[in-house]
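Asks: Have a look at this one.
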Amino acid sequence: GKQVFLVDDDPHLTAQLDAHLSQYGYEVKIFNQLGAAQQAIAETPPLAIIMDMMFPEGEQAGAEAIRQINDRRAKPIPVIFMSVRDDFSARLTAVRSGSTHYFTKPLDIPRLIHTLDELVAHRPRDPYRVLIVDDDPELANVYKLHLDAAGMIARTVNDPLEVPDVLRDFKAEVMLMDIYMPAC
């Protein structure tokens with residue numbers, strides 16, 4: 001199943017989130033105390049964790065608990081943090097603990113569920129599409145090789161006048177362009 005752990009000391013919020021997540025096929029285990037959550041995670045790791053940052057143990061106790069858990073694992077457990085705090089310090093602490101997602105309360109539940117779906121589906125995201133425009137074909141190909149190696153889809157154009165036609169078909173998200181080119 002799609003088991004996720006929900007860790008927050010607010011029973012009203014956890015009950016509300018449990019109801020929403022269950023409708024989307026998630027098996028939710030609720031923990032209102034950090035210690036119980038840490039023990040359960042060590043015994044049976046979930047697909048993902050949704051955790052508050054603040055607990056009676058401290059304003060960043062959730063992030064510290066996750067950092068300790070993931071430091072002992074070969075592959076970190078995906079974590080979505082939530083908090084009433086929206087300051088840079090709290091977000092930085094979440095990132096340093098290994099989280100890639102941070103939601104402020106009150107929660108945007110549809111967005112939270114969409115993010116959770118992406119985390120547990122293990123689907124690779126579509127690669128970025130980069131158009132390289134350079135009148136030096138060799139240099140353009142070097143850039144393309146590096147971008148291809150990074151998992152992106154890169155295409156080169158050596159004549160800047162061809163760019164509008166290429167963009168119609170290629171649908172680039174980013175364009176890397178030489179500043180000095182003939183006819184442009």
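The values are calculated or read from the model by the stated rules, or taken from the named source; none is laboratory data. Here the structure is a predicted model, which is why all the values come from computation and not from measurement. Note that we place each Cβ from the backbone using ideal geometry, even for glycine, and neighbour counts take in every protein chain shown. Accessible surface areas use protein heavy atoms only, side chains included; no ligands, DNA or RNA. Shrake-Rupley method; radii C 1.70, N 1.55, O 1.52, S 1.80 Å.
Asks: Among the aromatic types (Phe, Trp, Tyr) and open to solvent by less than 70 Å² (accessible area, probe 1.4 Å): is that true of TYR143 in this structure?
Replies: Criteria not met by TYR143.
Asks: For region 112-131, does any single residue satisfy the condition of being touching a residue at least 24 places away in the same chain (Cβ under 8 Å), over 30 Å from LEU47 (Cα atoms) and of a type outside the set (Gly, Ala, Ser)?
Replies: Among the residues of region 112-131, at least one is touching a residue at least 24 places away in the same chain (Cβ under 8 Å), over 30 Å from LEU47 (Cα atoms) and of a type outside the set (Gly, Ala, Ser), which makes the answer yes.
Asks: So which residues in region 137-172 are part of a loop (DSSP other than H, G, I, E, B) and free of Cβ contacts under 8 Å to residues at least 40 places away in the same chain, if there are any at all? Steps first, answer last, please.
Replies: Pass one, region 137-172, residues part of a loop (DSSP other than H, G, I, E, B): 150-152, 158-159, 171-172.
Correct list: ALA150, GLY151, MET152, ASN158, ASP159.
Asks: Further, regarding this structure: Being closer than 16 Å to VAL7 by Cβ and among the charged types (D, E, K, R), is that true of even one residue in region 70-77?
Replies: No, region 70-77 contains no residue that is closer than 16 Å to VAL7 by Cβ and among the charged types (D, E, K, R).
Asks: Right, another one. How many residues does region 71-101 contain that are out of contact with any Pro (no Cβ under 6 Å at 6 or more places or on another chain), touching a residue at least 24 places away in the same chain (Cβ under 8 Å), open to solvent by less than 100 Å² (accessible area, probe 1.4 Å) and not hydrophobic (A, V, I, L, M, F, W, C)?
Replies: So the answer is 7.
Asks: Restricting region 148-167 to residues that are aliphatic (A, V, I, L, M) and surrounded by 13 or more Cβ atoms within 10 Å (Cβ to Cβ), which is nearest to CYS184 (Cα to Cα)?
Replies: Per the criteria, the residue is VAL163.
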